[in-house]
Amino acid sequence: MPETKFKKSEDFNEWYNEIVELADLCDKRYPIKGMNVWRPYGWKLMSHVDKLIRQEMDKTNHQEVMFPLLIPEKSFQKEADHIEGFGSEVFWITHAGQNELEERWLLRPTSETAMYPVFSQWIRSHADLPLKTYQIVNSFRYETKQTRAFIRVREIHFFEAHTCHVDFNDAECQIEQDKQIADRLLKKLCLPFIFNKRPEWDKFAGAFYTISIDVLMPSGRTLQLGSIHQYKDNFSKPYDITYETEEGTHAHCHQTTYGMSERLLGAVVGIHGDDTGLILPPDVSPIQVVIVPIIFKDTREKVFTVCHEVAEQLTDKGLRIHVDQRDVNPGNKFYEWELKGVPLRIEIGPRDISNNQVVLVSRDTGEKKNIARDDLINAVELNLDEMSQRLLKRAEVLLKEKTHIVDTLDEAKEYDGIIQLPWCGTDRCALEVEEILDGNTLGEPITNDESVTEKKCVTCGKPAKTWMRFAKTY
Ligand code: ZN
């Protein structure tokens with residue numbers, strides 16, 4: 001039986017590093033740093049997250065594609081900012097067997113440069129637009145900083161959507177839709193988040209602007225889960241993605257991308273877990289209800305039979321159920337499934353069978369309820385739903401408690417978490433704040449309230465143009 005050494009309430013980072021392995025999400029012993037093995041339980045969990053992403057992509061008329069992992073150097077080098085942004089993180093393939101390749105290939109760090117030369121051949125006329133594609137693949141970045149499972153890795157499981165539009169406005173509509181997708185998806189993961197319009201000096205390489213999706217971890221650091229990029233025609237020009245307009249002229253497409261990574265899982269682990277282990281949101285938990293038989297010698301077969309009847313009843317409703325029939329004492333089973341974050345546990349013993357009931361236990365509260373067999377399905381669905389709401393509410397409280405809107409740097413220094421300050425709009429002032437607060441610029445809120453213009457920049461004292469958010473980041 002795995003034992004936890006660290007408590008989330010005492011040392012979040014160590015707790016995190018330990019729990020991802022103890023709960024069977026990943027194995028960090030693979031001999032390349034930052035490339036972890038997905039264990040079956042962790043991969044199942046990720047695949048349920050991917051499923052939600054696919055549902056959202058389908059609902060919004062994106063088409064799934066699968067582009068090659070390798071990108072020729074020539075394609076990669078067409079957009080200058082992009083190369084500058086990624087150049088140092090790229091893994092190159094230089095040899096095939098003993099022979100040096102005539103042209104180097106790289107492992108995709110992201111797929112713009114793989115897709116866009118092909119898009120320029122797919123798109124001919126305005127009737128081909130919008131082109132909305134996505135893929136769920138692994139990408140590669142040579143991380144030099146300390147790696148952390150799901151949060152900072154060298155092989156990254158992620159989804160990337162790439163769209164092409166007739167003009168800037170149509171691309172803007174896509175970005176509005178992307179924001180709604182983030183709202184729906186992250187709600188299912190019970191994760192409150194903020195959008196931040198990234199500062200000019202820290203936007204995605206080649207983008208016109210970038211909006212990040214950030215969550216707050218219990219350590220007070222923020223974690224960027226994904227981003228939405230407006231490219232304008234920054235890529236369609238070098239990659240020659242044009243179309244024939246209704247008037248018969250030729251124009252460059254406007255493009256967007258949208259990406260989120262396995263960090264979604266990192267956030268789920270970090271934000272919802274507790275000292276006992278993971279707490280998984282019911283929508284993505286590989287097992288939603290674990291059934292533990294309470295066994296005595298003479299009633300063993302009978303109890304198993306009822307457990308399987310209950311399992312079948314719930315499985316028929318589309319729920320993910322597991323009956324833990326192992327020859328292990330129930331206490332150890334409880335411990336293990338709590339560690340793995342299964343939302344609900346059902347206990348069934350001989351006395352429950354005579355009373356025509358089951359015992360239902362919620363992972364997050366530990367509350368035990370006797371549920372009549374006749375009411376089982378309703379009770380399980382209701383309890384899963386209530387648990388999702390509790391997880392979201394709890395995370396919202398954390399985000400709110402650790403977000404501080406202040407007028408001066410002295411005030412800012414008193415807090416950890418997300419600090420929102422009035423800012424004049426110059427790089428110099430923001431970079432100075434970064435240095436003083438020892439944090440990073442997250443960006444501006446995407447909806448800025450006018451009242452900020454009555455305030456003064458915390459650094460130079462000139463009239464503020466906007467709010468700016470800062471935090472320590474992962
Ligand atoms: Zn200033």
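Scanning segment 441-462 for residues that are buried (at least 20 other Cβ atoms within 10 Å of the Cβ) and either away from the ligand (no atom under 15 Å from the Cβ) or in contact (Cβ under 8 Å) with a residue 60 or more places away in the chain (or both) gives THR441, LEU442, GLY443, GLU444. Sub-9 Å Cβ pairs linking a first residue in segment 107-130 that is touching a residue at least 40 places away in the same chain (Cβ under 8 Å) and farther than 28 Å from TRP92 by Cβ to a second residue that is of a type in the set (S, T, N, Q) and assigned to a helix (DSSP H, G or I), at least 6 apart or interchain, are PRO130/GLN174, ordered by first then second residue.
What is the residue count in segment 72-88 for residues that are surrounded by 13 or more Cβ atoms within 10 Å (Cβ to Cβ) and more than 27 Å from GLU200 (Cβ to Cβ)? Matching residues across segment 72-88 total 2. When ASP407, ASP374, ASP385, ASP416 are screened for being within 16 Å of the ligand (Cβ to nearest atom) and farther than 24 Å from LYS333 by Cβ, only ASP407 passes.
Conditions tested, residue by residue: (1) more than 16 Å from ILE241 (Cβ to Cβ); (2) surrounded by 13 or more Cβ atoms within 10 Å (Cβ to Cβ); (3) at pLDDT below 95.
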{"position": "GLU100", "(1), (2), (3)": "yes, no, no"}
{"position": "TYR116", "(1), (2), (3)": "no, yes, no"}
{"position": "TRP122", "(1), (2), (3)": "no, no, no"}
{"position": "LYS132", "(1), (2), (3)": "no, yes, no"}
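For segment 463-474, the candidate set comprises residues that are farther than 20 Å from LYS402 by Cα and not in a loop (DSSP other than H, G, I, E, B); within that set, the residue that is farthest from the ligand (Cβ to nearest atom) is THR466. Only helices (runs of 4 or more DSSP H) whose full extent lies in segment 1-116 are considered here, and none of them has at least 2 residues that are in contact with a Gly (Cβ under 6 Å, 6 or more places away or on another chain), within 30 Å of ASP327 (Cβ to Cβ) and of a type in the set (Phe, Trp, Tyr).
Answer yes or no: is there a residue in segment 338-352 that is of a type in the set (A, V, I, L, M), buried (at least 18 other Cβ atoms within 10 Å of the Cβ), in contact with a Gly (Cβ under 6 Å, 6 or more places away or on another chain) and not assigned by TED's automatic domain parsing to the domain that holds LEU189. Yes, because at least one residue in segment 338-352 is of a type in the set (A, V, I, L, M), buried (at least 18 other Cβ atoms within 10 Å of the Cβ), in contact with a Gly (Cβ under 6 Å, 6 or more places away or on another chain) and not assigned by TED's automatic domain parsing to the domain that holds LEU189. Confirm whether PHE168 is touching a Phe, Trp or Tyr at 6+ places or on another chain (Cβ under 8 Å), surrounded by fewer than 19 Cβ atoms within 10 Å (Cβ to Cβ) and assigned by TED's automatic domain parsing to the domain that holds GLU84. Against the criterion (touching a Phe, Trp or Tyr at 6+ places or on another chain (Cβ under 8 Å), surrounded by fewer than 19 Cβ atoms within 10 Å (Cβ to Cβ) and assigned by TED's automatic domain parsing to the domain that holds GLU84), PHE168 does not qualify. Listed by first and then second residue, the pairs linking a residue in segment 339-362 that is at pLDDT 95 or above and in a helix (DSSP H, G or I) to a residue that is of a type in the set (Gly, Ala, Ser) and surrounded by fewer than 18 Cβ atoms within 10 Å (Cβ to Cβ), with Cβ atoms under 6 Å apart and 6 or more places separating them unless they lie on different chains, form an empty list. Among the criteria (1) within 11 Å of the ligand (Cβ to nearest atom); (2) out of contact with any strand residue (DSSP E or B) (no Cβ under 7 Å at 6 or more places or on another chain), the one VAL433 does not fulfil is (2). If you check GLU160 against the conditions, is it out of contact with any His (no Cβ under 7 Å at 6 or more places or on another chain), crowded, with 19+ Cβ neighbours inside 10 Å and not basic (Lys, Arg)? Criteria met by GLU160.
The values are calculated or read from the model by the stated rules, or taken from the named source; none is laboratory data. Here the structure is a predicted model, which is why all the values come from computation and not from measurement. FYI the Cβ positions are ideal-geometry reconstructions off the backbone, even for glycines, and counts take in every protein chain you see.
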